[in-house]
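This report concerns only the one structure given below.
Bear in mind that the values in this text are calculations on the coordinates, not laboratory data. Nothing here was measured: the structure is a model prediction, and the numbers come from that model. A quick note on method: Cβ atoms are made from the backbone with ideal geometry, for glycine too, and the neighbour counts reach across all protein chains shown.
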């Protein structure tokens, strides 16, 4: 990243401003959670920050005590400013500022926090937790400003905590429940904080992700070895695609054209247009995956390392080793979809609207993400030239 320090004489006085090149501002960083080796299935959790372009670790952030197991336990806010990480054994959620790569807050939550989902406006955080003996597994709804609990939503299931996804409009929350004898996805109305539907799936649904238009949810079903697609309006399962041995995570590209799942033996790319696999990549013990905002690069958390995936070639093009004693074993990964705020600067020749703003305020956040239709028309790399509408609707799974 190219930076320079300049002394600026402005109406605010002489200030030191860090000027970051616009290309650097758009630089994607991946946040990989991992637990250091410890006894009794416990270890200090570490969040490793990776510069995707350089394929280099640039920061290491110690967090709370976590479980040495696989599970979704990190999420990023829609504006890219915050990363949330659940600390299973500490009963806390760490809040990381992506502009400074530091922990700015720690929420005390109910026992054994797992999957997380921030609301699109950033005002709420949904956390999969447990309260024994009653009501058991539930979703705790947290106010991100105050840290206060807004609601506890009982799931009435024997085992939960695998994955959560919220619709782009923030109206529906989808929660996977992985019990062998009662696998399903619960649908929650976020206005009433109540379960309004249950979708029965194959055995042990793990991760879930939703298309940019909100019409479809894709679920990695571990023991069934498939990725299933759900019509979010009707709750109907429209079909399933083979996804290898025990798929653990699933992620939809931002342009809606493809879905990727990771399993113990492969990465599977699925076309949302045809509802079929368009490629598989052999890999060992992959656990989680996420993609850069331009859809060209994936970061895969696997056993002892993270891999770099080129979506144009559908191939692994590099890897970054992790040390279990210092970095922890990679478990989950998230990549912000928007650029953190630019450093605070003052301008002598400020416009009238700028003058009405308090002195030396940070510049407005610049969004990287665009609408699904815009993204579908401008996919980078050698992705298939699907049309905007086709890229966002799986025609093979279209309901009658």
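The table that follows gives values for the structure above.
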{"item": "Normalised per residue, the volume of the convex hull around the Cα set of region 165-226 (Å³)", "result": "68"}
{"item": "Additional length obtainable on full extension of the chain from residue 152 to residue 200, 0.36 nm per residue less Cα span", "result": "15.0 nm"}
{"item": "Paired Rg and Dmax values of region 176-284, which use every Cα atom, in angstrom", "result": "13.4, 44"}
{"item": "Packing-based exposure ordering (other Cβ within 10 Å, fewest first) of 112, 291", "result": "112, 291"}
{"item": "Region 28-334: relative contact order as a whole-number percent, Cα under 8 Å and 6+ apart", "result": "13"}
{"item": "Kirkwood Rh and Cα Rg combined as Rg over Rh, evaluated for region 107-169", "result": "0.95"}
{"item": "D (Stokes-Einstein, µm²/s), Kirkwood Cα radius, region 28-334, 1.002 mPa s at 20 °C", "result": "114"}
